[in-house]
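Student: Please see the structure below; I have some questions.
The values are calculated or read from the model by the stated rules, or taken from the named source; none is laboratory data. Worth saying up front: this structure is predicted, and the values here are computed from it rather than measured. Heads up, the Cβs are rebuilt from the backbone with ideal geometry, glycines too, and the neighbour counts pull from every protein chain shown.
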Amino acid sequence: MKRLFFTFTVLCLGIFSAGAQHPWMQTGNAAGTAFGLWKDGGAVNLSAIQKEGKLRPVQEASSSTAVIASTYGTANVGKVRLYGDFAFRNIFDKGLSYNTNLYRTALDMPYYILDPNESNWTRQEYDMNVKASIPIGERFAAGLSVNYLDCVGAKQKDPRSETYLVKAGVCPGVVWKPSKKHTLGISGDFLYSYERAYPSNNNPKLDQKTISTLGLGEGANSYVGGNNGLHDYHYTLWRFGGAVQYSYSGSWNVISELGVRKESTEVIHKISLPESMGRTDRLLFHAMLEALSGPHFIKVNGSFRTTDGTEKIQVKDNTSLSQGWITVAQNKMSRYNHASVLADYSFTFPTSLSIGALAVFDMESDVYNIPVSTFGYSRIRAGAYASRRFQIRKSSLNLRADAGYTASLGGDYVYGGSKTDSPAVALYRELLDYYTSSYASAAIAAAYIFGGGKLRYSVSGDASILAGPSGKNYFTGSLSLGILF
Amino acid sequence: MKKLFFAFAAALIALTACKKENAIKTVTLTVTVDESELTSVKPDTYTVTATNSATTVAVSAKTENGIATIPGLVPGIYNLNVAASVSEGPAILNFIGTAQSVQVTADASATVKVAESKTSALVFKEVYYNGCTIVEPSEEDEYGETYFRDQFYEIYNNSTETVYADGLCIAVGLWQSYASYDFSVIYTYDIPNPEKYIFLKTIWQIPGDGTQYPVKPGESFVVCQWGTNHTAETLAGNKSIDLSGAEFEAIIAETTLWNGLVITDNAAVNMSRVVETGYAMPQWMASVGDDAVVLFNPSVELKNENFISCTNDEYGPDVREVLRSDILDAVQWRTNKEDGEKAGGLYLPAEIDGGFQALGASYTGKSISRKAASTREDGTVVYQDTNNASVDFQINDKPEVRRGGAKKPSWNTWAK
């Protein structure tokens with residue numbers, strides 16, 4: 001909700017230049033930006049975001065303060081169209097639970113360390129993206145997207161970890177424009193991600209109990225501390241994927257994409273004596289369509305993700321010269337499915353007033369095979385919004401208001417194992433409580449852009465609230481100052 | 001709708017899947033008990049416990065005609081424990097066998113050989129190894145202050161006969177002779193029939209002419225690191241215990257330590273350090289976290305020379321071999337339960353001690369003591385002894401000498 005709203009605010013309030021708003025920027029194929037309107041420009045922004053509340057997944061912060069410095073720019077260099085952005089985020093999270101070593105937990109990553117001690121986290125992120133495209137003749141273009149994300153996070157209470165995450169991705173693509181109206185594209189999607197965390201204790205005299213999780217409440221009792229406690233965890237992800245795109249320019253302007261990604265993540269404990277903690281194999285499908293015709297705007301998104309968790313049965317070879325863990329068997333022990341669909345329609349009046357409605361459906365269906373445990377939920381969100389742009393001489397004021405309701409369609413967590421008192425089981429009970437909550441939401445946003453000449457300035461802010469049952473709410477507010485050039 | 005959606009997704013996955021793992025299903029383990037080393041008495045049935053080495057989930061079954069069938073196991077690596085007890089007059093015979101790292105990735109069978117051990121007259125009744133915390137860590141004092149010089153071992157006559165403490169030997173520090181600190185190397189020693197021995201680095205022996213230190217049924221004696229009143233304000237204060245009445249202490253002579261602390265020679269009888277294979281520490285101490293204590297009556301002279309060396313690690317220890325058949329009792333402990341449950345995570349063979357205790361941390365001030373099994377007509381307590389510290393011992397918030405009414409030996413004239 002928050003991300004969608006912020007994106008809308010940024011895009012619809014005109015903070016991005018024409019280059020950054022190019023329809024093909026929303027696809028994974030940069031080659032498409034070689035055709036169509038393109039304008040040089042850029043911006044520098046300083047933002048602060050505050051989040052507070054109990055209506056959240058328990059592995060996320062109950063209170064979070066983020067300070068973000070970001071910039072982007074678009075340029076033509078000869079025939080090459082370039083786009084680049086960079087963001088530095090300094091994030092202070094408070095009140096997270098059940099995560100010892102992962103920068104961010106995910107429902108389909110079952111292999112990590114979990115402890116029951118609620119803790120703060122501090123995080124820093126360096127996020128860079130570059131897109132380049134070049135026409136090849138009249139009908140073809142080639143493009144390349146490169147993205148790099150570097151994160152460091154530190155849990156602030158024993159057992160604590162300092163975790164380092166780096167992601168580097170590249171998406172080469174080509175497009176073919178057989179006519180003025182039609183453009184076809186195909187792109188690849190390759191990503192390497194590596195995360196390393198070493199859990200430790202500040203108090204060396206007190207070992208900390210943890211769970212080396214296997215999924216849906218299953219896990220092995222473990223601990224951090226001493227000579228034989230948990231050591232370094234390593235997550236190595238490779239992604240291979242691709243997508244096809246199609247755009248149409250006519251009475252309707254349409255951009256669409258259909259893509260698939262296959263990701264495999266190996267989780268290793270103690271790199272000096274590598275022991276497999278498991279592997280996930282993730283398959284993702286996504287589809288996107290946006291259509292604009294006069295005052296009508298339609299957007300449809302859909303995604304489906306299925307992840308298999310494979311556990312390796314290993315024995316340790318203790319012979320002095322060839323020590324190591326030997327895999328004797330591997331079994332698919334768990335599967336995590338998620339699906340979501342978004343439909344959004346808006347109408348813009350000549351007065352620059354826009355009204356719209358959207359609906360989002362998402363569902364999760366997970367199973368651990370032996371002993372059988374299941375987790376799942378489904379929910380639907382419906383919302384309406386209105387926005388208007390006011391032109392005041394050379395300045396503009398943009399306002400937007402949202403209201404919505406998220407209705408739980410049900411959910412269940414059935415734990416079939418023997419460790420019913422485990423914190424890993426408590427985690428899923430709390431997650432179910434969140435994902436099966438129904439709640440109302442409301443949000444407002446405003447952006448004021450002023451100044452003339454080569455430099456313009458922006459002040460924008462937004463606030464949103466999720467109002468759930470039993471007084472559980474979640475508040476988000478942000479303020480941003482920017483310079484546009 | 002939901003099922004249709006995921007059925008469609010499953011079809012997509014099937015089309016794209018390129019790597020196949022085993023289709024997961026539960027497996028059945030059949031365990032046969034090998035009684036070939038038993039001589040006379042054989043139990044009617046054994047309890048077989050299979051513990052998954054990854055999740056530590058344990059499943060048990062009873063044998064019928066020496067065979068136990070355990071269905072419904074998650075495929076994995078299992079540690080097997082086979083145990084039974086039989087009463088033979090006043091004594092109890094324990095039958096214990098183990099098998100480590102048994103691969104049960106499909107329906108499987110395993111054979112576990114059991115060995116017999118008779119319960120000893122002398123047993124460890126209370127073991128206080130963990131140390132205490134005098135000053136808790138704080139923002140001003142990150143590490144706090146801890147104390148470990150009050151370690152003691154209370155040994156009890158659990159039989160109906162008078163026995164003698166003269167010449168008995170006691171040893172700790174098995175973690176040093178068993179494996180490297182991180183368990184990456186399990187030490188091996190090149191001697192004939194190594195399975196008949198345990199290996200020790202330091203051994204202390206109680207003096208005596210064979211009848212000097214009688215211990216009657218229901219009496220106990222205390223072997224301690226330092227037989228002083230540790231509740232003195234200059235030591236550990238009320239966090240510790242008064243050991244000035246202990247029977248034996250591991251002291252050769254008064255010693256001044258590097259920090260100025262004077263280890264005084266007290267009323268307790270001084271033991272002799274008969275074996276020291278490495279650097280001679282001024283004091284005798286067990287690990288406050290992971291270790292074991294062994295009481296044995298040596299059947300051969302313990303020479304303090306010609307030690308045997310570890311063969312698989314150039315930095316491994318020199319040790320003295322001690323016959324397993326000489327061992328009267330042993331107790332092992334790990335800080336964290338998870339380590340003891342791992343394959344190879346214990347220091348002693350199962351027939352000596354099939355289990356362990358875990359306090360979860362060092363310097364908790366807690367002790368472990370043997371559970372009472374029954375009381376005789378004369379009022380003496382019989383303590384449980386199945387050679388399995390996991391089930392025979394309980395955890396106490398504070399140590400206590402002669403807990404449960406054990407009597408001190410008559411020759412101890414200095415205890416209050």
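Student: Filter the stretch B:13-43 down to the residues that are modelled with pLDDT under 90 and within 7 Å of chain A (Cβ to nearest Cβ) and list them by number.
Tutor: Answer for the stretch B:13-43, where residues must be modelled with pLDDT under 90 and within 7 Å of chain A (Cβ to nearest Cβ): B:ILE13, B:THR16, B:GLU21, B:ASN22, B:ILE24.
Student: Further question: Only one residue in A:THR374, A:THR406, A:THR351 is closer than 30 Å to A:THR210 by Cβ and not aromatic (Phe, Trp, Tyr). Which one?
Tutor: Unique residue meeting the criteria: A:THR374.
Student: Now for a different question. Could you check how many residues of the stretch B:300-349 are over 13 Å from the mean Cα position of the chain (by Cα), assigned to a loop (DSSP other than H, G, I, E, B) and away from chain A (no Cβ under 14 Å)?
Tutor: 9
Student: Answer yes or no: is there a residue in the stretch A:220-229 that is closer than 30 Å to A:TRP176 by Cα and assigned to a strand (DSSP E or B).
Tutor: Looking through the stretch A:220-229, none of the residues is closer than 30 Å to A:TRP176 by Cα and assigned to a strand (DSSP E or B).
Student: Something else now. Can you pull out every residue in the stretch A:104-125 that is of a type in the set (Gly, Ala, Ser) and part of a strand (DSSP E or B)?
Tutor: The one that is of a type in the set (Gly, Ala, Ser) and part of a strand (DSSP E or B): A:SER119.
Student: While we're on this one: Within the stretch A:76-103, restricting attention to residues that are assigned to a loop (DSSP other than H, G, I, E, B) and in contact (Cβ under 8 Å) with a residue 40 or more places away in the chain, which residue is surrounded by the fewest Cβ atoms within 10 Å (Cβ to Cβ)?
Tutor: A:LYS79
Student: So A:SER396 fits all but one of (1) more than 10 Å from every other protein chain (Cβ to nearest Cβ); (2) without any contact (Cβ under 8 Å) to a residue 60 or more places away in the chain; (3) surrounded by 18 or more Cβ atoms within 10 Å (Cβ to Cβ); (4) not basic (Lys, Arg); what number is the exception?
Tutor: Result: A:SER396 fails condition (2) only.
Student: Moving to a separate point now. Test A:VAL328 against the stated conditions and say whether it is in contact (Cβ under 8 Å) with a residue 12 or more places away in the chain and at the interface with chain B (Cβ under 9 Å from one of its Cβ atoms). Write out each step before concluding.
Tutor: Details: in contact (Cβ under 8 Å) with a residue 12 or more places away in the chain: yes; at the interface with chain B (Cβ under 9 Å from one of its Cβ atoms): yes.
The answer is yes for A:VAL328.
Student: Looking at the stretch A:278-318, which of the residues that are away from every other protein chain (no Cβ under 13 Å) and of a type in the set (S, T, N, Q) is farthest from A:LYS332 (Cα to Cα)?
Tutor: A:SER293
Student: I've got another one for you. Can you list the strands (runs of 3 or more DSSP E) found entirely within the stretch B:44-103 that contain at least 3 residues being without any contact (Cβ under 8 Å) to a residue 40 or more places away in the chain and within 14 Å of another protein chain (Cβ to nearest Cβ)?
Tutor: Output list reads B:58-62.
Student: Across the stretch A:209-219, what is the total count of residues that are touching a Lys or Arg at 6+ places or on another chain (Cβ under 9 Å) and either away from chain B (no Cβ under 13 Å) or assigned to a strand (DSSP E or B) (or both)? Steps first, answer last, please.
Tutor: Step one: list which residues in the stretch A:209-219 are touching a Lys or Arg at 6+ places or on another chain (Cβ under 9 Å), which gives A:211, A:217-219.
Adding the requirement that they be either away from chain B (no Cβ under 13 Å) or assigned to a strand (DSSP E or B) (or both) leaves A:211, A:218-219.
So the answer is 3.
Student: Touching a Ser or Thr at 6+ places or on another chain (Cβ under 7 Å), part of a strand (DSSP E or B), among the hydrophobic types (A, V, I, L, M, F, W, C) and buried (at least 23 other Cβ atoms within 10 Å of the Cβ): does that describe B:ILE155?
Tutor: yes
Student: What are the pairs, 6+ residues apart or on separate chains, where a residue within the stretch A:410-424 that is assigned to a helix (DSSP H, G or I) has its Cβ under 7 Å from a residue that is among the β-branched types (Val, Ile, Thr)?
Tutor: Close Cβ pairs satisfying both conditions: A:PRO423/A:ILE211; A:ALA424/A:ILE211; A:ALA424/A:THR213.
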